[in-house]
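First the structure, in the form of structure tokens, and then the observations on it.
Nothing in this text is a laboratory measurement; each read-out follows from the coordinates by a stated rule. None of the values given here were measured: they were computed from a predicted structure. As a convention, Cβ positions derive from the backbone with ideal geometry for all residues, glycine included, and neighbour counts pool all protein chains shown.
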Amino acid sequence: MSSKAKGAKKKQQADPRQVVANNKKARHDYVIEDVLEAGIVLSGTEVKALRMGRASLVDGYVAVDHDEAWLENVHIPEYFQGTWNNHAPKRKRKLLLHRDEIDRLGVRSREKGHTIVPLRLYFLDGRAKVEIALARGKKEYDKRQTLREKQDMREAQRAMRRHELLG
């Protein structure tokens, strides 16, 4: 085995997830309270489009109705080699969760200011998974405060690096 193949194998063992899409906006707009992993019911052309690394979670959310969890408003573009049986890009997709998880999420999401948002979409052992979070909306001043804290941390890190190089 070549050294290049060994390096690739180590990298694959470190994180077995093949991330397709991230929702950075969700972490900015919401305070994440609880995170869960769920399977998704997909059609064949949706899986092929995801394997090409194409999806958008930006406007997505999870709705709980009739004891089932549904991933809504997530955009998986049509598979360009698909035929007449191609999927609709923004259709509702059923989430695979345990009954107690669905019940808990349903109760908590009905509380004022709470929602369920998708954070990441990835493949794990060949199966499509979505990381969902119970989240509480941030106020505008909270968002500004978070950005200010990030900027201050970055400036402190730069100052420490400069000090190490000079000293």
- prompt: Just Val19, Val107, Val47 to compare: in a GNM of the chain, with alpha carbon springs under 10 Å, which one fluctuates most?
  reply: Val107
- line: Out of His28, His75, His66, a Gaussian network model of the chain with alpha-carbon springs under 10 Å gives the largest mean-square fluctuation to His66
message: Pairs of alpha-carbon atoms within less than 8 angstrom and 6+ residues apart define the contacts here; what relative contact order does the stretch 49-127 have, in percent?
response: 30 percent
message: Tell me the net charge near Glu72. Cut-off is 11 Å between Cβ atoms, Glu72 excluded, with +1 for each Lys or Arg and -1 for each Asp or Glu.
response: +3
- prompt: What residue among His98, Asn73, Gly39 has its Cα farthest toward the positive end of the dipole of the stretch 17-138, where the charges are +1 on Lys, Arg and -1 on Asp, Glu, each on the Cβ?
  reply: Asn73
statement: Exposed-loop cut sites defined as chymotrypsin sites (Phe, Trp or Tyr not before Pro) in DSSP loop states with at most 13 other Cβ within 10 angstrom; longest site-free run of the chain spans 85-167
- line: The equivalent-ellipsoid semi-axes of the stretch 35-74, taken as the square roots of five times the Cα gyration tensor eigenvalues and listed largest first in whole Å, are 20, 12, 10
query: What is the dipole size for the chain, taken about its Cα centre, with +1 at each Lys and Arg Cβ and -1 at each Asp and Glu Cβ, in debye to the nearest 20?
result: 880 debye
query: So for the stretch 17-138, what percent of the C-alpha to C-alpha distances run longer than 18 Å?
result: 49 percent
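How much mean residue ellipticity at 222 nm does the chain get from its helices, if each DSSP H run of length 4 or more adds -39500 (n - 2.57) and you divide by all residues, to the nearest 500 deg cm²/dmol? Working shown, then result.
On the way: 5 runs with 64 residues, N = 167.
So the calculated ellipticity at 222 nm is -12000 deg cm²/dmol.
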query: Cβ under 14 Å from Glu140's Cβ, Glu140 left aside: what net charge do those residues give with Lys, Arg +1 and Asp, Glu -1?
result: +3
field: Restricting the stretch 72-147 to GluC sites (Glu not before Pro) in coil, as DSSP defines it, with at most 13 other Cβ within 10 Å
entry: Glu111
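Thr115: net charge of surrounding residues, Cβ under 11 Å, Lys/Arg +1, Asp/Glu -1, itself excluded? Spell out each step's value before the answer.
Values: positive: Arg108, Arg110, Lys112, Arg136; negative: Asp29, Glu33, Glu111.
Overall, the nearby charge balance is +1.
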